[in-house]
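One structure below.
The values are calculated or read from the model by the stated rules, or taken from the named source; none is laboratory data. Given the structure is predicted, the values throughout are model-derived calculations rather than measurements. Cβ atoms come from the backbone with ideal geometry, glycine included; neighbour counts cover every protein chain shown.
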Amino acid sequence: MTSAVDRGGDVRELLGFRTFAARVLIGAYVATFLLLALVTAPGREPWWAELLAWAIVSAGAVTLVFHPSDPLPLGVSLALVLTGPLAVNLVFAVIPAPIDGLLQTWPLGASTAIYTYMCVRGRTSLAWLGMVATLVSCVLWAQRTGQGAGYGLGMSVINLAPLVMSTFFAWKIQPAARDIYVLREQATIRVAADAADLARLEERDRQVRRLDALARPLLERIAASEDLSDADCTECRLLEAYLRDTLRAPILSEPIVVTAARAARARGVEVILLDDRGMDHVPEATRRGILESVATLLDAASSGTLTVRVLPPLRGTLVTVLHDDADEVTRVELGPDGEPVAMPARLG
């Protein structure tokens, strides 16, 4: 069984392989089989084989749990297949025949654990290949030492039981894992959509409250049929222009620009602000410098029409400021770094 779990995740997450408990379990595995290798070694000289077998199964277990992707890559899986035969043959080379106790065949249990978890990592067929190779190694060792093939099969065949159970478990867990990750992805999309809807509602409410605070006093006076003074009419025009700016050029609706634009309009300058989204992803420092430059140009205007336009993305020029003052037209261009791309040009 080699089907991959849905791309939204792998079975390690579902089974808790990324948790602290999994690290503790791996540590216990490594320590337990190190102890068995040292305790069951027949004397000091054969320790090299026991320790090498222990290193092989320990590396296999760590790789099995912590290697990403599901199913396991083929190369990694083939290396894990070899852990069982290599470990048991190393130990069989140094233990007596007949053995003093079943604990001396500890690589059987160690490799069985590896093959069991290979099933849930999506490599069931290769796990069975490794187990069969390990059993064959036991049979050949028993036959070679005069104990008979039946003895070798009998001492090792019991390890098939965990592998059968893990095969059935993998057969069930792989489809279930796919369903779980599909449901999780759908839930994530739904939560993101709900959050976006909530953000839109909050922004709408904020804009309504702001509009209410700005426009209600004047609207109430108009509704009450009160006469409006010249100052009130000017305030209406300034408010209308400000609200228009927030719709047409939201990126320029910062206090420094709003204040400068309002003051320029009060001096009789016609101010037009346009935003084609070129500043949406500009660094904050660059954006602040551009806004300060725009505010400075607004403060310098005393008459005519001043148009500030944020250009579309991926242009060589980020912002243009065009000041049409009677018979003279001045154009300033600001580049992606916020600096003028050329000296102010007089066009007429």
Selection from the range 26-58 of residues over 18 Å from residue 113 (Cβ atoms) and either outside the structural domain of residue 82 (by TED's automatic domain parsing) or of a type in the set (Asp, Glu) (or both) yields 45
Picking from 144, 121, the residue that is charged (D, E, K, R) and over 27 Å from residue 22 (Cα atoms) would be 144
Condition set crowded, with 24+ Cβ neighbours inside 10 Å and of a type in the set (A, V, I, L, M), scope the range 115-140, selection farthest from residue 38 (Cα to Cα): answer is 120
Expected single match for under 20 Å from residue 332 (Cα atoms) and either modelled with pLDDT of 90 or more or aromatic (Phe, Trp, Tyr) (or both) among 195, 300, 266 is 300
- Query: Can you find even one residue in the range 279-286 that is farther than 19 Å from residue 256 by Cα and in the same structural domain as residue 260 (by TED's automatic domain parsing)?
  - Reply: yes
